[in-house]
1. Taking the options F83, F175, F101, name whichever one is within 16 Å of the ligand (Cβ to nearest atom), touching a Leu at 6+ places or on another chain (Cβ under 9 Å) and open to solvent by less than 60 Å² (accessible area, probe 1.4 Å).
2. Going through region 22-44 one residue at a time, which ones are under 18 Å from D136 (Cα atoms) and either part of a loop (DSSP other than H, G, I, E, B) or basic (K, R) (or both)?
3. How many residues does region 86-98 hold that are charged (D, E, K, R) and either in contact (Cβ under 8 Å) with a residue 12 or more places away in the chain or within 16 Å of the ligand (Cβ to nearest atom) (or both)?
4. Taking L118, is it aliphatic (A, V, I, L, M), crowded, with 16+ Cβ neighbours inside 10 Å and either farther than 16 Å from V50 by Cβ or over 13 Å from the mean Cα position of the chain (by Cα) (or both)?
5. Looking at the structure I just gave you, is A112 without any contact (Cβ under 8 Å) to a residue 60 or more places away in the chain and assigned to a helix (DSSP H, G or I)?
6. What are the pairs, 6+ residues apart or on separate chains, where a residue within region 55-76 that is in a helix (DSSP H, G or I) has its Cβ under 8 Å from a residue that is of a type in the set (D, E) and surrounded by 13 or more Cβ atoms within 10 Å (Cβ to Cβ)?
7. Going through T135, T114 one at a time, which residue ends up being over 18 Å from E5 (Cα atoms), at pLDDT 95 or above, touching a helix residue (DSSP H, G or I) at 6+ places or on another chain (Cβ under 7 Å) and within 16 Å of the ligand (Cβ to nearest atom)?
Amino acid sequence: MSENEALLIIDYTNDFVADQGALTCGKPGQVIDDKIIGLANETLASGGWVILPTDVHIPEDPYHPESKLFPSHNVRGSWGREFYGSLANWFVQHQDDPKVFMYDKTRYSAFAGTDLDLRLRERKINLLHLTGVCTDICVLHTAVDAYNLNYGITVHKAAVAALTAKGQAWALDHFEHVLGATVR
Ligand code: ZN
C-alpha cells in the first residue's frame with residue numbers, strides 16, 4: 001500500500017459484531033478481527049492511511065430513515081458504538097497517528113453527508129481498501145459512492161462480513177462485476 005491508498009474500516013463496533021450487539025453479524029463478523037488488524041498494521045507500515053468511518057445515531061430518531069428499518073444501534077457514547085475486539089485497543093494505540101482518523105457518519109455510505117471525499121482528495125488518495133461490516137449494507141453503499149467518484153476499490157473478502165451468507169455472496173459478486181472492484 002502506498003501513501004495514495006487508504007484502508008477503510010467500516011462500522012467495526014460492538015453493535016454490528018459482538019454477540020450482544022443490536023444489529024450483529026455475529027460469528028462471521030467476529031472472525032475477521034485479526035485480518036482487519038493485520039491490514040491496518042500493514043497499511044501504516046507501508047505509508048498508507050487508516051480511516052474509520054463509524055455510524056452514529058440518536059436513539060429512536062424520528063427523522064432518521066433507519067429508525068423504521070432497524071433496532072436502535074450505534075448510539076453515541078454507548079457500549080454498542082465502541083470498537084469490537086482487538087480494534088478497540090488498536091485504535092487507542094494509534095489514534096494520535098496523523099495517518100489514522102475516525103469520524104462519524106449517519107448513513108450507510110461513508111461518503112454521505114461527510115467530508116470524506118475532500119479529505120481523500122487533499123491527500124491525493126485514489127485507491128480505497130474496504131473492510132468491516134456489513135458487506136451488503138454500509139460497505140456496499142460506500143463502494144457505490146467510491147465508484148461514482150472514480151476511486152479505485154479493493155475489497156478484502158476475508159475482512160468483511162454481512163448479516164447473512166446470501167448478502168455476503170451477493171455483495172462480493174456485485175463489487176467485482178458491477179463496481180469493477182478488485183476482490184481479494
Ligand atoms: Zn445505522
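1. On the way: F175 fails: within 16 Å of the ligand (Cβ to nearest atom); F101 fails: within 16 Å of the ligand (Cβ to nearest atom).
When all the criteria are applied, what remains is F83.
2. A22, L23, T24, C25, G26, K27, V31, I32
3. Pass one, region 86-98, residues charged (D, E, K, R): 96-97.
Checking the rest, the ones that are also either in contact (Cβ under 8 Å) with a residue 12 or more places away in the chain or within 16 Å of the ligand (Cβ to nearest atom) (or both) come to 97.
Summing the residues that are charged (D, E, K, R) and either in contact (Cβ under 8 Å) with a residue 12 or more places away in the chain or within 16 Å of the ligand (Cβ to nearest atom) (or both) in region 86-98 gives 1.
4. Details: aliphatic (A, V, I, L, M): yes; crowded, with 16+ Cβ neighbours inside 10 Å: no; either farther than 16 Å from V50 by Cβ or over 13 Å from the mean Cα position of the chain (by Cα) (or both): yes.
No; evaluated as a whole, the condition is false for this residue.
5. Numbers: without any contact (Cβ under 8 Å) to a residue 60 or more places away in the chain: yes; assigned to a helix (DSSP H, G or I): no.
Here the answer is no, as A112 does not meet what is asked.
6. S67/D61
7. Working: T114 fails: touching a helix residue (DSSP H, G or I) at 6+ places or on another chain (Cβ under 7 Å).
The match here is T135.
The values are calculated or read from the model by the stated rules, or taken from the named source; none is laboratory data. Since the structure is predicted, the reported quantities are computational estimates derived from the model, not experimental observations. Positions of Cβ are generated from backbone atoms using ideal geometry, with glycine treated the same way; all protein chains shown enter the neighbour counts. Each accessible area value is taken on the protein alone, full model and side chains, heavy atoms only, with ligands, DNA and RNA left out. Shrake-Rupley method; radii C 1.70, N 1.55, O 1.52, S 1.80 Å.
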